[in-house]
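The values are calculated or read from the model by the stated rules, or taken from the named source; none is laboratory data. These numbers were taken from a predicted model, which means no experiment stands behind them. Glycine gets a Cβ as well: all are built from the backbone with ideal geometry, and neighbour counts include every protein chain shown. These accessible areas exclude ligands, DNA and RNA; they are computed on the full protein's heavy atoms, side chains included. Shrake-Rupley method; radii C 1.70, N 1.55, O 1.52, S 1.80 Å.
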Amino acid sequence: DESARAFARRAYVFYACTVVAAAGVMLISLARRDFRIDYVFQYSGLDLPWNYQLAAFWAGQKGSFLIWLVWGTLLGLPLLKSCGKQEAPVMGIYLLTQMGLLFILVRESPFKMLTRTPLDGQGLNPLLQDNWMVIHPPIMFVGYALSAVPFAFAMAALFKRDTSEWAARAFPWALAGFLVLGTA
């Protein structure tokens, strides 16, 4: 029903705001070099230039999952508008993919606090201190997030037993994912 759909849209926008806020907190913690947070301690340091300090966001597994969740959540906003009559099943499947990443981050939180505050962090792995490291992972995770959209269209079509038009709706998303991953 339409009132439930309007509530679900608002709930998704709220969810997107909370995920972006969590990423903002991580970025601020890295920029301030807040070594009370274990993730900041592990992947940043006082001697890192700003671009490598930014790359510390996705230097570890927890940060990589967080940026993947951010991109996926942000891509869900235009997906809401482009689903058409398949909005409910497509967004339901798409949210399940997002919930998988969210549950990983709840279990392995990048915001775990240390019992004592170190004076300096361990720094970014020297192998990752490259300008390509600053741009490659964010682009790659956009491509990963884009790949969930055609999956959601396909699974929703199978669920609804209507496979007549899912490919036409999923193709632009699949092409965008292919191009972005090819760029990465």
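Suppose every K and R has +1 on its Cβ and every D and E has -1 on its Cβ; what is the size of the dipole of segment 76-184 about the Cα centre, in Debye to the nearest 20? Can you show the working numbers first?
Numbers: 8 positive and 6 negative charges, 65 e Å.
Result for segment 76-184 is approximately 320 debye, rounded to the nearest 20.
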Summed side-chain charge close to residue 79 - residues other than residue 79 whose Cβ falls under 12 Å, Lys, Arg +1, Asp, Glu -1: +2
Angle in degrees between helix 131-160 and the longest Cα principal axis of the chain, rounded to the nearest 10: 30 degrees
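Please compute the Kirkwood hydrodynamic radius over segment 1-104, one decimal place, Å, based on all pairs of different Cα atoms.
Values: mean 1/r = 0.0661 Å⁻¹.
15.1 Å is the Kirkwood radius here.
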Proximal lysines relative to residue 85, as straight alpha-carbon distance under 28 Å, when same-chain residues fewer than 8 apart are discounted: 160
Choice from 128, 101, 27 with maximal GNM fluctuation in the chain (Cα, 10 Å cutoff): 128
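As an exercise, use a Förster radius of 22 Å and the Cβ-Cβ distance of residue 74 and residue 163 to find the FRET efficiency, rounded to the nearest 0.05. Write down the numbers at each step before the final one.
On the way: r = 28 Å, r/R0 = 1.29.
That pair, residue 74 with residue 163, gives E of 0.20.
Which order do 1, 162 take when ranked by solvent-accessible area (1.4 Å probe, heavy atoms of all protein chains), largest first? Intermediate results must be reported in sequence, preceding the final value.
Numbers: 1 130, 162 55 Å².
Result of the area sort, largest leading: 1, 162.
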P(r), alpha carbons of the chain - 5 Å bins starting at zero, rounded %: 1, 8, 15, 17, 17, 14, 10, 7, 5, 3, 1, 0, 0
Cα-based reach from residue 112 at 15 Å (exclusive), listing aspartates and glutamates while leaving out same-chain residues under 8 positions away: 34, 38
Virtual spin-label span in nm between residue 117 and residue 132, 7 Å along Cα→Cβ: 3.8 nm
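If each DSSP helix of 4+ residues adds -39,500 (n - 2.57) and the sum is divided by the residues in the chain, what number results at 222 nm, nearest 500 deg cm²/dmol? Please report the intermediate quantities before stating the final value.
On the way: 7 runs with 134 residues, N = 184.
My calculation for the chain gives -25000 deg cm²/dmol from helical runs alone.
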